[in-house]
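The values are calculated or read from the model by the stated rules, or taken from the named source; none is laboratory data. None of the values given here were measured: they were computed from a predicted structure. In this analysis, Cβ positions are derived from the backbone assuming ideal geometry, glycine residues included, and neighbour counts consider all displayed protein chains. With ligands, DNA and RNA removed, areas are computed over all heavy atoms of the protein, side chains included. Shrake-Rupley method; radii C 1.70, N 1.55, O 1.52, S 1.80 Å.
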Amino acid sequence: MILQQPIKGEFMGWRNLTPESVYSDDEINARLSEELPHWYLENGWIRRKYKTHCWKSTLMVVTTIGHLSEAAFHHPDLTVSYAFVIVKLMTHSAKGITNKDFE
């Protein structure tokens, strides 16, 4: 497959990025609004807050995130409290948001 080079000044959009490409803020926000409406961009991370009903529910959410993260070999930062979990994702090696974070 041959990717055409964008015309100078043309917005490429997130669909044309390579797997290693770091997304611009506009590309991140476009993809979040299209695919992940409950997530948001803040301080270079994509984030989501999951509300739970109690500590036991919080632990189940954390365990599930841990399992999925291990399977993907990509690990989020977590903030864990009694009735919520905040998930933050950024590809540290790329110093930005990449396809790994959206997957």
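Figure legend. Inter-residue proximity from region 91-103: first residues polar (S, T, N, Q) and at pLDDT 90 or above, second residues in a helix (DSSP H, G or I) and open to solvent by less than 100 Å² (accessible area, probe 1.4 Å), beta-carbon distance below 7 Å, spacing 6+ or different chains. Indicated pairs: Thr91/Asp101.
So, Ile86, is that one in contact with a helix residue (DSSP H, G or I) (Cβ under 9 Å, 6 or more places away or on another chain) and among the aliphatic types (A, V, I, L, M) or not? Show your work before the answer.
Numbers: in contact with a helix residue (DSSP H, G or I) (Cβ under 9 Å, 6 or more places away or on another chain): no; among the aliphatic types (A, V, I, L, M): yes.
Answer is no for this residue.
Take Glu10 and decide whether it is open to solvent by 70 Å² or more (accessible area, probe 1.4 Å) and at pLDDT below 95. Even if it seems obvious, please write down each step before you answer.
Numbers: open to solvent by 70 Å² or more (accessible area, probe 1.4 Å): yes; at pLDDT below 95: yes.
Here the answer is yes, as Glu10 does meet what is asked.
Filter region 51-72 down to the residues that are within 14 Å of the chain's Cα centre (by Cα) and either among the aromatic types (Phe, Trp, Tyr) or exposed (fewer than 15 other Cβ atoms within 10 Å of the Cβ) (or both) and list them by number. Talk me through it step by step, then tell me what you get.
Going through region 51-72, the residues within 14 Å of the chain's Cα centre (by Cα) turn out to be 65, 68-69, 72.
Within region 51-72, Leu68, Ala72 meet the criteria.
Taking the criterion of being of a type in the set (A, V, I, L, M, F, W, C) and either free of Cβ contacts under 8 Å to residues at least 40 places away in the same chain or open to solvent by 50 Å² or more (accessible area, probe 1.4 Å) (or both), the residues of region 26-40 that qualify are Ala30, Leu32, Trp39.
Please work out if Trp45 is modelled with pLDDT under 95 and either under 13 Å from the mean Cα position of the chain (by Cα) or not hydroxyl-bearing (Ser, Thr, Tyr) (or both).
Values: modelled with pLDDT under 95: no; either under 13 Å from the mean Cα position of the chain (by Cα) or not hydroxyl-bearing (Ser, Thr, Tyr) (or both): yes.
So Trp45 fails the test.
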